[in-house]
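First the structure, in the form of structure tokens, and then the observations on it.
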There are 2 protein chains.
Amino acid sequence: MKQEHSRKQPSPDKPTISDTTLRSFVGYRMKRAFNVVQDDLTATLRPFDLRMLTYTALVLIVDNPGLRQSQLADAMDIERPNLVVIIDELERRELIVRDRVPTDRRAYALRATLVGRQLYDKAVAAVTAHEVELLAGLDNATVATVLDALRVIEKARQRS
Amino acid sequence: MKQEHSRKQPSPDKPTISDTTLRSFVGYRMKRAFNVVQDDLTATLRPFDLRMLTYTALVLIVDNPGLRQSQLADAMDIERPNLVVIIDELERRELIVRDRVPTDRRAYALRATLVGRQLYDKAVAAVTAHEVELLAGLDNATVATVLDALRVIEKARQRS
DNA sequence: AATCATTGGTATGCCTCATATCTAATTTCA
DNA sequence: TGAAATTAGATATGAGGCATACCAATGATT
């Protein structure tokens with residue numbers, strides 16, 4: 001996703017069109033807000049030459065040394081074939097290594113290199129800083145409420 | 001996006017991997033929650049043979065009869081070339097028409113047909129019902145707080 | 001040993017997004 | 001007014017994120 005939605009202010013001559021119906025949907029609001037967050041994240045990660053998915057994979061590998069590709073795919077909620085190219089890229093850049101698992105020669109144990117861990121540190125710090133700025137207009141209690149609501153929504157699928 | 005993330009419960013044997021670092025980011029939580037909402041929306045719209053984008057376009061055209069394609073692209077935050085195929089599809093299905101604008105022969109005024117408005121009614125009702133179910137675990141005050149927070153986040157870009 | 005399941009990989013296609021470029025039509029303005 | 005710039009829509013094309021089908025190698029089951 002290379003969007004970076006250009007935020008164009010409404011031209012005063014053309015009539016602004018109404019999205020009242022859509023605004024009544026939480027999903028629509030979430031998408032619009034998430035676009036902003038994602039664009040910000042994309043811009044934040046660009047200096048590190050990371051995309052959202054490579055960043056996510058790197059973080060999970062650093063935090064879970066030795067995990068298998070299939071576990072990582074599960075955690076990232078993507079299919080195994082799509083993870084391969086992500087791992088390929090991280091390995092090519094020597095941010096991680098594919099270690100053979102002695103007890104199961106089909107599998108790889110993924111581990112971050114020193115360089116990978118250093119990039120992780122810098123990227124996580126940058127993303128954290130950007131999030132703080134993005135949430136500057138909200139007090140902590142509100143953020144906590146939102147996070148809790150998001151968790152409820154995320155878990156709602158298991159009911160349906 | 002044809003995802004429909006298969007919600008697999010964690011196998012008890014394999015160690016669940018930790019996403020603690022990522023969980024600390026609001027963006028990550030938003031993405032996970034939004035995936036659920038989007039999957040639900042996709043499933044809800046499937047019986048109507050609508051995707052999120054065709055649905056969004058249809059709703060905006062019904063609510064703003066006569067708008068131009070470029071206005072619609074602006075409202076949907078997508079590029080004009082990408083809107084063309086969406087409009088093509090809606091027109092082919094005779095849900096909307098491209099009327100020539102007499103005062104500007106470059107432009108089209110988009111209008112929904114009767115069939116389009118009928119589909120709109122059904123789809124909006126279905127999506128509304130699904131949202132109610134998805135948000136069943138949250139009280140109204142919480143939803144209001146979340147919507148407000150989302151608006152603050154969405155507008156935050158204009159500050160940066 | 002034979003069958004089945006799993007891991008990682010390859011090939012492939014769809015959808016969403018972007019950019020560059022084209023035409024026709026309309027504005028702008030020297 | 002007439003040339004240049006701008007705009008509306010369309011086409012072509014490519015990147016990236018997703019899915020499925022299929023394969024080879026290995027491991028698990030019986």
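On the given criteria, is B:Asp39 assigned to a helix (DSSP H, G or I), out of contact with any Pro (no Cβ under 9 Å at 6 or more places or on another chain), within 12 Å of DNA strand D (Cβ to nearest atom) and at pLDDT below 95?
Yes, satisfied.
Against the numbered list (1) of a type outside the set (Gly, Ala, Ser); (2) more than 8 Å from DNA strand C (Cβ to nearest atom); (3) within 17 Å of B:Lys31 (Cβ to Cβ), A:Leu83 comes up short only at (2).
Of the numbered criteria (1) more than 13 Å from DNA strand D (Cβ to nearest atom); (2) within 11 Å of the chain's Cα centre (by Cα); (3) in a helix (DSSP H, G or I), the one B:Pro47 fails is (2).
Does region A:89-114 hold any residues that are among the β-branched types (Val, Ile, Thr), away from DNA strand D (no atom under 13 Å from the Cβ) and surrounded by fewer than 18 Cβ atoms within 10 Å (Cβ to Cβ), and which are they?
We begin by selecting, within region A:89-114, every residue among the β-branched types (Val, Ile, Thr); these are A:96-97, A:101, A:103, A:113.
Those left that are additionally away from DNA strand D (no atom under 13 Å from the Cβ): A:96-97, A:113.
Once the filter is applied, which keeps residues that are among the β-branched types (Val, Ile, Thr), away from DNA strand D (no atom under 13 Å from the Cβ) and surrounded by fewer than 18 Cβ atoms within 10 Å (Cβ to Cβ), region A:89-114 yields A:Val97, A:Thr113.
Residues in region A:60-88 that are within 18 Å of A:Val101 (Cα to Cα), outside any helix (DSSP H, G or I) and open to solvent by 30 Å² or more (accessible area, probe 1.4 Å): A:Pro65, A:Arg68. Looking across region A:50-59 at every residue that is within 12 Å of DNA strand D (Cβ to nearest atom) and assigned to a helix (DSSP H, G or I), the one that is most open to solvent (accessible area, probe 1.4 Å) is identified as A:Leu53.
Cβ separations smaller than 6 Å between residues 6+ apart or across chains give the following pairs from region B:22-50 residues that are more than 10 Å from chain A (Cβ to nearest Cβ) and in contact (Cβ under 8 Å) with a residue 40 or more places away in the chain to residues that are among the aromatic types (Phe, Trp, Tyr) and open to solvent by less than 30 Å² (accessible area, probe 1.4 Å): B:Leu45/B:Tyr55.
Within region B:65-87, can you find the residues that are more than 12 Å from DNA strand D (Cβ to nearest atom) and touching a residue at least 12 places away in the same chain (Cβ under 8 Å)? Spell out how you get there, then give the answer.
In the first step, residues of region B:65-87 are kept if they are more than 12 Å from DNA strand D (Cβ to nearest atom); the result is B:65, B:76-77.
B:Pro65, B:Met76, listed by residue number.
Among the residues here, B:Thr54 does not qualify as over 28 Å from A:Thr42 (Cβ atoms) and more than 9 Å from every other protein chain (Cβ to nearest Cβ). Out of curiosity, is B:Ala136 away from DNA strand D (no atom under 15 Å from the Cβ) and either surrounded by 16 or more Cβ atoms within 10 Å (Cβ to Cβ) or within 18 Å of the chain's Cα centre (by Cα) (or both)? The answer is no for B:Ala136.
Scoring B:Met76 on the criteria (1) aliphatic (A, V, I, L, M); (2) within 11 Å of chain A (Cβ to nearest Cβ); (3) more than 9 Å from DNA strand C (Cβ to nearest atom) leaves a single failure, condition (3).
The values are calculated or read from the model by the stated rules, or taken from the named source; none is laboratory data. No experiment lies behind these values; they were computed from the predicted model shown. Quick reminder, even Gly has a Cβ in these numbers, built from the backbone with ideal geometry, and neighbours come from all protein chains shown. Side chains included, ligands, DNA and RNA excluded: accessible areas come from the protein's heavy atoms. Shrake-Rupley method; radii C 1.70, N 1.55, O 1.52, S 1.80 Å.
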